[in-house]
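Notes follow the structure.
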Amino acid sequence: MSRYQASAHCVGESNWHFQFTPGYRRPIFEDKLTRELTIAYLMQAAQELDVHVGAIECGPDHMHLFLQETRKHSVITVVQKLKGYSSRMMRKHHYTLFSHWLYGDKFWSSGYF
């Protein structure tokens, strides 16, 4: 039995490792609640995409995500969904947690690694 996933036209696996950075590289993830809420929103967005989150690790000013089962999606689609949804929800519901670090519509910095 193969450990790879099979679909109609191929067999294999696709995994991605991303690093997202908050706007202005501020240490907003030093706050435990901000970190936990951001992770929860990223997990919700990944679940909607049907992408498995293998691991999430945080530094004070960045976040690493290891995603699995990503063959159905393009990289940019996944990044836009994850960053867009988590940013919108954090700014809409929890802005006071990080408003002293960030301003305006900014939550994540542009781009990804």
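The values are calculated or read from the model by the stated rules, or taken from the named source; none is laboratory data. All of these numbers come straight from a predicted model, not from anything done at the bench. In case anyone asks, the SASA skips ligands and DNA or RNA and just uses the protein heavy atoms, side chains included. Shrake-Rupley method; radii C 1.70, N 1.55, O 1.52, S 1.80 Å.
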Helix 75-93 sits off the longest principal axis of the Cα atoms of the chain, rounded to the nearest 10 on a 0 to 90 degree scale, by 30 degrees
Percent antiparallel among DSSP beta bridges with both residues in the chain, to the nearest 5?
100 percent
At 222 nm, what value in deg cm²/dmol follows for the chain if DSSP H runs of at least 4 each add -39500 (n - 2.57) and the sum is divided by all its residues, to the nearest 500?
-11000 deg cm²/dmol
Nearest 10, in degrees from 0 to 90: the angle of helix 32-49 to the longest Cα principal axis of the chain is 30 degrees
Stick to the Cα atoms of the chain, pair each with every other, and give me the Kirkwood hydrodynamic radius in Å at one decimal.
14.8 Å
Restricting to lysines 8 or more places apart or on different chains, can you count the pairs in the stretch 21-108 with Cα atoms under 17 Å from each other?
6
Could you list which residues have their amide H under 5 Å from that of Arg71, counting only those 5 or more apart in sequence or on another chain, with H placed in the peptide plane?
Ser14
Compute the accessible area per residue over the stretch 51-94, keeping the other protein chains in place, probe 1.4 Å, unit Å².
49 Å²
When the accessible area of the chain is computed with all protein chains present and a 1.4 Å probe, what percentage of it is carbon and sulfur?
53 percent
